[in-house]
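J.: After the structure tokens below, expect a handful of questions from me.
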Amino acid sequence: ASPSARNDGRNGLPRSPSTDSWSLAMTAVKGYPAPCCMKAVSMLKRSIVQQTALEKQYIKTGLPDMRPGDIVRVHQRIKEGDKTRVARFEGMVIARKHGNGITATFTVRKVIQEVGVERIFPLHSPLIEKIEVVSRPKRVRRAKLYYIRDRAARVIRKKMRQVAMRSVADAPSEATVEPAAAAPETSIPDA
């Protein structure tokens, strides 16, 4: 068959009936007549309902209202060998993603010894013991604060330039260095 005559959905005609359940369910969703896919659609709906019931079991309640720009302290349980400890990570929330469901995450950034460190935490992870909002800015105009990465890098480059300029200014210049006094000539007697 010629490429223009096949029914693959790209030429405005409905796709040819397929045997896998996903394509059958999608043809039913798009409104194409597919009486044989009603079982697949009901299976798809049932799996979505089961998934949300499972999610409800793991979603945490009582989380603080975190927004980008907030300084937060995240207490995370870490297992090392057979011991567990709680590690704190304090920094600025630069992004929240994936809504408030079970897949929700937030990104925290902090600077350690002039090196930026970012961690992405799952919001409803059982390993996170608590999240504290340390401070909140007056106003943040962005939902994602990724520009802070560039701003921090710019500040570090500026500091490095200042340190380099100071070291050049502190080094003695060649004009001020006095030449070493010439040693008096000694005559070697002829033997």
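No value in this document is a laboratory result; all are computed from the given coordinates. Note that the structure is predicted; figures quoted are calculated from it, not measured. With ideal geometry, Cβ positions are generated from the backbone for all residues, glycine too; neighbour counts draw on all protein chains shown.
J.: What percent of all Cα-Cα pairs in the stretch 69-174 falls in each 5 Å bin, counting up from 0?
T.: 2, 10, 15, 19, 16, 11, 8, 6, 5, 4, 2, 1, 1, 0
J.: Hey, got a sec? Which trypsin sites (Lys or Arg not before Pro) in the stretch 43-142 land in a DSSP loop and have at most 11 other Cβ atoms within 10 Å?
T.: Of the trypsin sites (Lys or Arg not before Pro), the ones in loops of the stretch 43-142 whose Cβ has at most 11 other Cβ atoms within 10 Å are LYS138, ARG139, ARG141.
J.: Would you mind pulling out the separation of the Cα centroids of the stretch 57-72 and the stretch 136-161, in Å?
T.: The two parts, judged by their Cα centres, are 23 Å apart.
J.: Taking 21 Å as the cut-off for C-alpha to C-alpha distance, list the pairs among LYS79/LYS144; LYS56/LYS83; LYS56/LYS79; LYS60/LYS97; LYS83/LYS110 that go past it.
T.: Beyond 21 Å between Cα atoms: LYS79/LYS144; LYS56/LYS83; LYS56/LYS79; LYS83/LYS110.
J.: What is the distance, in nm, between label points placed 7 Å from the Cα along the Cα-to-Cβ direction at LYS144 and at ASN100?
T.: With each label point 7 Å from Cα toward Cβ, the separation is 2.2 nm.
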